[in-house]
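The structure under discussion appears below in the form of structure tokens.
The values are calculated or read from the model by the stated rules, or taken from the named source; none is laboratory data. On a predicted model such as this, the values are computed, not experimentally measured, just so you know. Here the Cβ positions follow ideal geometry from the backbone for every residue, glycine too, while neighbour counts run over all protein chains shown. For accessibility, only protein heavy atoms count, side chains too; no ligands or nucleic acids. Shrake-Rupley method; radii C 1.70, N 1.55, O 1.52, S 1.80 Å.
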Amino acid sequence: MAREINNLQDMLDRINQSADDEGRVSLGQIVESVGDRSFGPLLLMVGVIAASPISGMPGVPTTMGIFILLIAGQLFFRREHFWLPKWVLRRSLAKEKVHTAVQWLRPSARFIDRWLRPRMSALIQGGSTYLISFVCAVIAVVMPMMELVPFSAHGAGLALTAFGLALISRDGLLALIAFAVTAVSFGVVIYQFN
């Protein structure tokens, strides 16, 4: 049985080891290698995109909202792995490119891992997972409106990033921070529409 992923460095190690016999790494192999923690890395990825300047481009928040809704729905129903169509899962890169990307990400992962640890587990396990998936689904539904409020998608992106990191590291304090950031982001959107 594979060792559980507890931080970003563990996740990068698992991704780095997921190449097939031909020296290729497919998205399906990556999702399978991170197992039931695949929701955390996917939320992290979407959160980083939403928090970046890219989210200011027309259509990006709505597209991210659709992807978030897909992730949140599957997290809510406790799927073991994130589902994507087979043609998407078969997309692959050369092992060398994946290895280079992993090496580039390692210093950032080491820095972030110093702050993450399992704590306040009640906020990240059991029924709390349903609450996290529900809040992420609400963020997804609100994302199209965030296209009309400058920089509001950045707050949602920060919340999603924090939720992703919380799921990876089982850090309930980070989940609590993500809930707070979500509330502030929604407050900004509501204020702008009143």
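Among Gly155, Gly164, Gly23, determine the one that fluctuates most according to a GNM of the chain built with springs between C-alpha atoms less than 10 Å apart. Of Gly155, Gly164, Gly23, the Gaussian network model singles out Gly23 as fluctuating most. Here the chain has 67 percent of its accessible surface on carbon and sulfur atoms, given a 1.4 Å probe and all protein chains in place. Axis angle, to the nearest 10 degrees, between helix 39-51 and the longest C-alpha principal axis of the chain: 50 degrees.
Ratio of Rg to Rh for the chain: 0.97 [Cα atoms; Kirkwood radius as inverse mean 1/r over pairs].
Only helices enter the 222 nm calculation for the chain: every DSSP H run of n ≥ 4 contributes -39,500 (n - 2.57), and dividing by all residues gives -22000 deg cm²/dmol, rounded to 500. Once both axes come from the Cα atoms, what is the angle between helix 152-169 and the longest principal axis of the chain, in degrees from 0 to 90, rounded to 10? Relative to the chain, helix 152-169 is tipped by roughly 40 degrees.
Please tell me the relative contact order of the stretch 55-152 in percent, rounded to the nearest whole number, where contacts are Cα pairs under 8 Å and at least six residues apart.
Values: 52 pairs, mean separation 64.2, N = 98.
Rounded, it is 66 percent for the stretch 55-152.
Using Cα pairs under 8 angstrom and six or more residues apart, how large is the relative contact order of the chain, in percent?
On the way: 281 pairs, mean separation 65.8, N = 194.
About 34 percent, as a whole number.
Note on Ile66 and Trp83: their simple-model spin labels are 1.8 nm apart, each label 7 Å out from Cα toward Cβ. Against the chain, whose longest principal axis comes from its Cα atoms, helix 172-193 is set at around 40 degrees. Reported to the nearest whole Å, the Cα centre-to-centre distance from the stretch 50-109 to the stretch 129-194 is 17.
Computed packing ranks the peptides 24-32, 82-90 as 24-32, 82-90, most packed first, by mean other Cβ atoms within 10 Å.
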